[in-house]
Protein chains: 4
Amino acid sequence: MVIIMDVNAPQENVEKVKEKIFAVGCKPHIIVGSQKLAIGLTGPTEAIDEEEFQLMDFVEEVLRVSKKYKLVSREVKSEDSIIQFGEHSIGGKELGIIAGPCSVENRDQIFTIAGKLKEMGINFFRAGAYKPRSSPYSFQGLKEKGLQILAEAKKEFDIKIVTEAMDSDTLDIVAEVADVVQIGARNMQNYSLLEKCGKIKKPVLLKRGMAATVEDLLMSAEYIVSNGNFNVILCERGIKTFETYTRNTLDLNAVPVIKKHTHLPIIVDPSHGIGIWEKVPAMSMAAVAAGADGLIIEVHHDPEHAMSDGYQSLTPKTFKKLLEKLEQLAPIVDKELKLLCEK
Amino acid sequence: MVIIMDVNAPQENVEKVKEKIFAVGCKPHIIVGSQKLAIGLTGPTEAIDEEEFQLMDFVEEVLRVSKKYKLVSREVKSEDSIIQFGEHSIGGKELGIIAGPCSVENRDQIFTIAGKLKEMGINFFRAGAYKPRSSPYSFQGLKEKGLQILAEAKKEFDIKIVTEAMDSDTLDIVAEVADVVQIGARNMQNYSLLEKCGKIKKPVLLKRGMAATVEDLLMSAEYIVSNGNFNVILCERGIKTFETYTRNTLDLNAVPVIKKHTHLPIIVDPSHGIGIWEKVPAMSMAAVAAGADGLIIEVHHDPEHAMSDGYQSLTPKTFKKLLEKLEQLAPIVDKELKLLCEK
Amino acid sequence: MVIIMDVNAPQENVEKVKEKIFAVGCKPHIIVGSQKLAIGLTGPTEAIDEEEFQLMDFVEEVLRVSKKYKLVSREVKSEDSIIQFGEHSIGGKELGIIAGPCSVENRDQIFTIAGKLKEMGINFFRAGAYKPRSSPYSFQGLKEKGLQILAEAKKEFDIKIVTEAMDSDTLDIVAEVADVVQIGARNMQNYSLLEKCGKIKKPVLLKRGMAATVEDLLMSAEYIVSNGNFNVILCERGIKTFETYTRNTLDLNAVPVIKKHTHLPIIVDPSHGIGIWEKVPAMSMAAVAAGADGLIIEVHHDPEHAMSDGYQSLTPKTFKKLLEKLEQLAPIVDKELKLLCEK
Amino acid sequence: MVIIMDVNAPQENVEKVKEKIFAVGCKPHIIVGSQKLAIGLTGPTEAIDEEEFQLMDFVEEVLRVSKKYKLVSREVKSEDSIIQFGEHSIGGKELGIIAGPCSVENRDQIFTIAGKLKEMGINFFRAGAYKPRSSPYSFQGLKEKGLQILAEAKKEFDIKIVTEAMDSDTLDIVAEVADVVQIGARNMQNYSLLEKCGKIKKPVLLKRGMAATVEDLLMSAEYIVSNGNFNVILCERGIKTFETYTRNTLDLNAVPVIKKHTHLPIIVDPSHGIGIWEKVPAMSMAAVAAGADGLIIEVHHDPEHAMSDGYQSLTPKTFKKLLEKLEQLAPIVDKELKLLCEK
């Protein structure tokens, strides 16, 4: 941490800052420039809030030099974290593909889609039983009933279930069915929920908030990890920008940046990231080319009648074509994608 | 709702759209332009999702004409909602001033500040027992112990308590002590929590999310109101922009805009809105000049040693000076501020 | 400037950085922390680009401590700059009010509006002869003919003319007629134009770009001032945010922040800042309450038939009512507004 | 265009709107809903400003249905525009690669880099003689002298030159040397310059502004095309977002979206788009995977001593490795990249 003071600060005020630095267990190192006086701090600076110094007289700025996150950082663990699911994994050489509809609508829909996906060799199935919706008058998901349908599909097709938990009241019942518990973008800074996610035994898929920076996302992951759950998968799903032709702006820069700063896996959601089904394949390819560890894609057998997000869902047919392209792309970026489907 | 189609769409596809319009209980009205074909819908359009039509062939855009919120809109209730607290109120002619420290730190701090504020004629006291923090390593509030201190201060000084609830687990115990339950910016789209706020008997202070539009804020208020609690106070507290010299960008445009679209009261938080104590008085004045129904301001007797947000807190002395200015300003914008303090 | 390196950087690489620091005429000061090694620089750091060091091995970040702008900063000149126009001025105690239509449409329109404004005691008249428009098919202004009309109105009514220059080709002819040359938001970083503005003899009204920070604005002002023209008036006119209910988001935080960092005057354009005429008075009041040195407001005698921006223009009548309110507000914030109009 | 009015608007006001619609040469079509009354317009709506109706009493919103751009739209020309440069082209099957340093620094530097690139089979060379810089104290380019060096390199290596014009004063001399005239992000809405670009005989590379939407970019292209120059290449170079770990946020969504709305070619600048050289290859791959027609990449033989943008420049060696990967990727997305370099 570096504290910047006015170079004309009275000696008395500089002394006060120095005293406070000693008080928090650190050591001050003074550098006098022509316009500014800088005081470097060494010692246990992670625990210090910038605020503690910002208010002191003649202090102009407090610059943090070390990152605020620790456990999720590459500095603490340099090798990639690989989340294992039986013989499959996310975060390693295998390209992880999670597919399925936005919402659980009924048993038939889930069984139809899960069946088609399983045939293509897809092992991770997504579908929401609890749906956060911006209008109280929109379809809010089948809730417990939806979870039960997912539990049945899991048994029937031997697939891993990825589904969202919206609050701590229902986290436990979601975690019972889910192989991966998803935390949605709007809950990325719901700290009570994150803390509880740190105490469950299932991996967590943490989606980036709509206006969150990569650092915000890593701090939210730190909440989960510091509470005991190291199995966190990050997900870039598009951020809010001024653009109006797309639902969100998929930030693929985040992929190589996240891979540099953290050991956690990063996957991409091109369905929400662009929000227009026709362009989902292009963005899926781009995400993998950028180095993503996997994709989470909305697939529906009848998008026109889907209860939510039909507009951004691929049909099994267009999804299959995409998989074939991804299979060609994967080895160029040192990933593997093995499909069962005949072409 | 207006559905825009390609003017060259085959008749068959136009018929499909018309059939779907009838199916949802509405009537289609076709207008053929030179480039586009527009189909206006009349009937119960509130319940229709734009999505339902967006995916149909040759449909290019679906434009919503009516707002999605109903109960909070001026169209449903044209006169201002006034939230009554004994002889005081928020939303009417009286300028509502809520003041106090960011966090409850200890009994002495709360009693010192509450005492000074009460002397000046302040009736609404803010202080957080539960603190949402972006780092899991920062001070998270005194929690239940903090609530207890607030309950004691309430009794001692006869003040209304405004304090934050972070999750549904603690909502009830917060609502027991609080006269107004605050929902923070990061929880503005925590729909589970909003629903539960609709079922409590206390007024809710709903803060605008950092990247939320006014419409998003009104939709979140609609969640609370449609669940049964009409006593919602909206709060503009600054949004995220590219500016780095300030903590947030206080959006005072929102004040007259919100007053036009909804009957709910709107107050302003200049402390978070600019984040620099020296400039809080200027922004407080600006907020009231823009037509705000009140202010929520951080005041601490010893900001330099505050456990959080000291940097943006006024001292009782600077706060008192501000109150004197506000007293002069209020009548120019048809508000009233009555202070007890001698000048 | 502070250079942050990995604490495990080889001595050889630290030496290389030190050598480069000496090479640019500065001195290095090393602080070894637990995770990072910081090197403070003293000497003539203004001329150094952060880039020069960012690429060196083991360098992680380069933090600028001094501001990049000099001549416009309070550090170089602590007292407020007051731009004098005969007996009137902008930047001092007098509240500067600039009013008039968006565009020069014809001689009658200009003379009608200028006449009405002059009667109310308004001394600064705005109207654009050159209009930057986002569509090549929209009205682009009367150009030279418009300037001529302004020149006539200036003579007739003894008013100061504020009008926009869009490029260096026409800067000179604009500057001949104008008392203040306006540089629009889209040209805030048109550096060729800014340089030339530094060489004219007329004051420049520099509008903040739509996505510009306060620092960007000050750097653009530095371009003008460092080229020789010290008479720059800054203008906050709203920035782009996610909000859709308003044309722009008026950033009134910028007012006290700009007043702190620079000696140049800052005025506010509420017409563009909110973009809805009904709410312009509220935002005008807010701007003055926040400490602005003046306002620039669109006024049109027949907004419904205005060729541009009618939607955000006040009529002379609503403008007069606003002036009466401003006259009451001004003394509370230590400003003066003297109107000639009978009430 | 659709005009939305309050359903309770007096008949007299509806008539006024209808009259105005006839007056601008269009026809009104009225639809009466439960909350709103909508009036559809048919006829020559492109020439109408929304503004003309927005201010009329009881009008609540004016929705544009047709796009404002015409000549650049797919509706006017459905097949892709291919810009031909002798045997090479941009916009067709060939993947266009433009490479070179940020700035012309001296003859040696340009000849060294151009020589290395030509050897690899690169035919488009970028380097700036005029450099728009946010500080007046930074290196502003070699200007005319830089152009002369580029002219020599062009002759020596038989390469096409891509270089920036910053203002209309120097546009002609830039266009003499350049094969493609670049318009920088900060000038994307410098309409005077765009108009003049419409009158030159060289193709224009138009960079997206930092806060511009795709529609803004297309409107700026429309300025050039409507003034007579159909050879416009669009360039996505990253937009401003809240992210701080990267220089800009590369918006690759824009690639498939732009290809849908316009026939003009779209290339991507990953160097500015992420701003960190190590991550430029990943983002180059992603851009091509998303469907870009080409790339513009900063390459410098000695980035550590580059006078600008060294931090985001590849060395010829890392660039060559990227080319090899791109060569593998191109056929998967139906593009061709033919390199001369031995591997």
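Readers should treat all values here as calculations from the given coordinates under stated rules, not as data from a laboratory. Note that the structure is a prediction, hence the values are computed from the model and not measured. Cβ placement follows ideal geometry from the backbone for every residue including glycine, while neighbour counts extend to all protein chains displayed.
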Cα→Cβ-extended label distance, 7 Å offset, between A:THR244 and D:GLU87, nm: 4.7 nm
Partner chain coverage, peptide A:26-33 - average Cβ within 10 angstrom: 5
At most 14 other Cβ within 10 Å, DSSP loop - chymotrypsin sites (Phe, Trp or Tyr not before Pro), the stretch A:134-181: A:PHE139
Calculated label separations, D:LYS93, copies of the chain, 7 Å along the beta-carbon direction, nm: 3.5, 7.9, 8.1
Considering only the protein assembly as shown, percent of DSSP beta bridges that pair antiparallel, nearest 5: 40 percent
Per-residue Cβ neighbour rank within 10 angstrom, fewest leading, B:HIS300, C:HIS29: C:HIS29, B:HIS300
Convex hull (Cα only) mean projected area of the stretch C:181-279, reported in nm² to one decimal: 6.0 nm²
Rg to Rh quotient for the stretch B:2-63, alpha carbon positions, Kirkwood Rh: 0.92
Shielding by partners, peptide D:63-69 (average Cβ within 10 angstrom, other chains): 5
Three-way shape label, the stretch A:83-333, alpha-carbon gyration tensor, a/c 1.5: rounded
Per-residue Cβ neighbour rank within 10 angstrom, fewest leading, A:HIS263, D:HIS88: D:HIS88, A:HIS263
Under Karplus coefficients 6.51, -1.76 and 1.60, residue-wise ³J(HN,Hα) of the stretch C:135-143 in Hz, glycine/proline x: 10, x, 9, 8, 4, 9, x, 7, 6
Label point 7 Å beyond Cα along the C-beta direction, distances from A:THR112 to other copies (nm, shortest first): 6.4, 6.5, 6.8
Compactness of the stretch C:188-234, expressed as Rg and Dmax over alpha-carbon positions, Å: 9.5, 29
Rel. contact order, % - alpha carbon contacts under 8 angstrom, at least six apart, chain B: 15 percent
Where N is the number of residues in the stretch C:1-154, Cα Rg divided by 2.2 N^0.38 Å: 1.83
Pairwise FRET efficiency - A:LYS260 versus A:GLU324, Cβ, R0 = 25 Å, nearest 0.05: 0.25
Residue-wise HN-Hα coupling along the stretch C:299-305, computed from phi with Karplus coefficients 6.51, -1.76, 1.60 (Hz; x: Gly, Pro): 10, 9, 6, 8, x, 4, 10
The stretch A:151-175 versus the stretch D:255-316: alpha-carbon centroid distance in Å: 41 Å
Spin-label pair C:LYS201/A:HIS305, simplified geometry with 7 Å Cα→Cβ offset, distance in nm: 8.0 nm
Residues with amide H under 5 Å from that of C:GLN182, placed H, sequence gap 5 or more: C:THR163, C:GLU164, C:ALA165, C:LEU205
Sites D:ARG64 and B:LYS18, calculated FRET efficiency, Cβ-Cβ separation with R0 30 Å, nearest 0.05: 0.80
10 Å binning of all Cα-Cα separations within the protein assembly as shown, expressed as whole percents from 0 upward: 2, 8, 16, 22, 23, 19, 9, 2, 0
Amide H contacts of B:GLY128 (H built 1.01 Å from N, under 5 Å, at least 5 apart or other chain): B:SER103, B:VAL104
The stretch D:153-205 shape via C-alpha gyration tensor axes, a/c threshold 1.5: prolate
Label point 7 Å beyond Cα along the C-beta direction, distances from B:LYS27 to other copies (nm, shortest first): 2.1, 8.4, 8.6
Average partner coverage of A:238-249, which counts Cβ from other chains inside 10 Å: 6
Descending semi-axes in Å of the stretch C:93-237, equivalent ellipsoid built from Cα gyration tensor: 24, 17, 14
Two-decimal log10 I(q)/I(0) for the stretch D:256-343, as the Debye equation yields it once each C-alpha is a single scatterer, q = 0.11 Å⁻¹: -0.32
Antiparallel DSSP beta bridges within chain C, as percent of all bridges there, nearest 5: 40 percent
In Hz, Karplus ³J(HN,Hα) per residue of the stretch D:111-119 (6.51, -1.76, 1.60; θ = phi - 60°; x = Gly, Pro): 5, 4, 5, 4, x, 5, 5, 4, 4
Residue list for the stretch B:296-310, given a label point 7 angstrom along the Cα-to-Cβ vector of B:THR112 and an amide N cut-off under 16 Å: B:299-310
Sequence-distant residues sharing a close amide H with B:SER73 (under 5 Å, placed H): none
Closest approach to the A/B rotation axis among chain A Cβ atoms, residue and whole-Å value: A:ALA211, 2
Angle in degrees between helix D:214-226 and the longest Cα principal axis of chain D, rounded to the nearest 10: 80 degrees
Chymotrypsin sites (Phe, Trp or Tyr not before Pro) lying in DSSP loop within the stretch C:1-74, provided at most 10 other Cβ fall within 10 Å: none
